[in-house]
Amino acid sequence: ETGVTQSPTHLIKTRGQQVTLRCSSQSGHNTVSWYQQALGQGPQFIFQYYREEENGRGNFPPRFSGLQFPNYSSELNVNALELDDSALYLCASSLVPGSYEQYFGPGTRLTVT
Amino acid sequence: ILNVEQSPQSLHVQEGDSTNFTCSFPSSNFYALHWYRWETAKSPEALFVMTLNGDEKKKGRISATLNTKEGYSYLYIKGSQPEDSATYLCASGGSQGNLIFGKGTKLSVKP
């Protein structure tokens, strides 16, 4: 096991609602990255947080936002959910940005109806 | 090549067969190449991180090679076992740690 946990495991939401997904990083890891894996695709980079600040962002709209807390936990928030947001969301923790070793959680499966 | 591409998409082999799959990635501004093994309902597990052209890494029956000049990496599994059944992901890593993933190769090993 990687020591990275995510909650909840599964979630069903309705279009237009808001959702919060949670990740608990390995202790001491100051960097967390979030990825979205849509059906049939590889994981796509959403954004990265380092020491509680956003440190890079992929091609995702502003309704995808995040928070990182001093206790090595973090959140991914998605507002105004769309059907295409249905996907597996993965978080990955590492010591610092650019670290060769990234440890992934098992993911949260979000279904938007 | 602009994206990370993996082939084949899926592979079915018999127990004991040896197999290999390919990952192609942009060779310009190369930083690192990652291989992950991902079983259903579990966390992706890091297999290798490779940074140098000509790198070869080995972990038990699994090995990988890297060619950064032409932008490809091979993953080899010798004597496949049913427990090797998983999706194998490769990702090109940026200097900030953001990974660009391929779609993966799904391996099924029949007893």
Residues within the stretch B:21-40 that are β-branched (Val, Ile, Thr), out of contact with any Asp or Glu (no Cβ under 9 Å at 6 or more places or on another chain) and under 14 Å from B:Leu66 (Cβ atoms), tallied: 0
Among the residues listed as B:Glu39, B:Glu15, the single one being more than 16 Å from A:Tyr35 (Cβ to Cβ), modelled with pLDDT of 95 or more and more than 14 Å from chain A (Cβ to nearest Cβ): B:Glu15
Given (1) touching a residue at least 24 places away in the same chain (Cβ under 8 Å); (2) away from every other protein chain (no Cβ under 11 Å); (3) over 17 Å from A:Thr111 (Cβ atoms), index of the condition A:Leu21 fails: (3)
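Suppose we keep only residues that are among the charged types (D, E, K, R) and within 16 Å of A:Leu81 (Cβ to Cβ) within the stretch A:7-66. Which one would you say is nearest to the chain's Cα centre (by Cα)?
Residue satisfying both the conditions and the ranking: A:Arg63.
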Close pairs (6 angstrom Cβ cut-off, 6 or more residues apart or separate chains): closer than 11 Å to A:Gly66 by Cα in the stretch A:42-53, basic (Lys, Arg) anywhere: A:Phe47/A:Arg57
Those residues of the stretch B:56-90 which are within 13 Å of B:Ser7 (Cα to Cα) and within 14 Å of chain A (Cβ to nearest Cβ), in sequence order: B:Thr87, B:Tyr88, B:Leu89, B:Cys90
Verdict on A:Leu76 being farther than 11 Å from A:Gln18 by Cα and either among the polar types (S, T, N, Q) or touching a residue at least 40 places away in the same chain (Cβ under 8 Å) (or both): no
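The values are calculated or read from the model by the stated rules, or taken from the named source; none is laboratory data. The shown structure was predicted, so the numbers you read here are calculated from the model rather than taken from an experiment. Methodologically, a virtual Cβ is constructed for each residue, glycine included, from the backbone with ideal geometry; neighbour enumeration extends over all protein chains shown.
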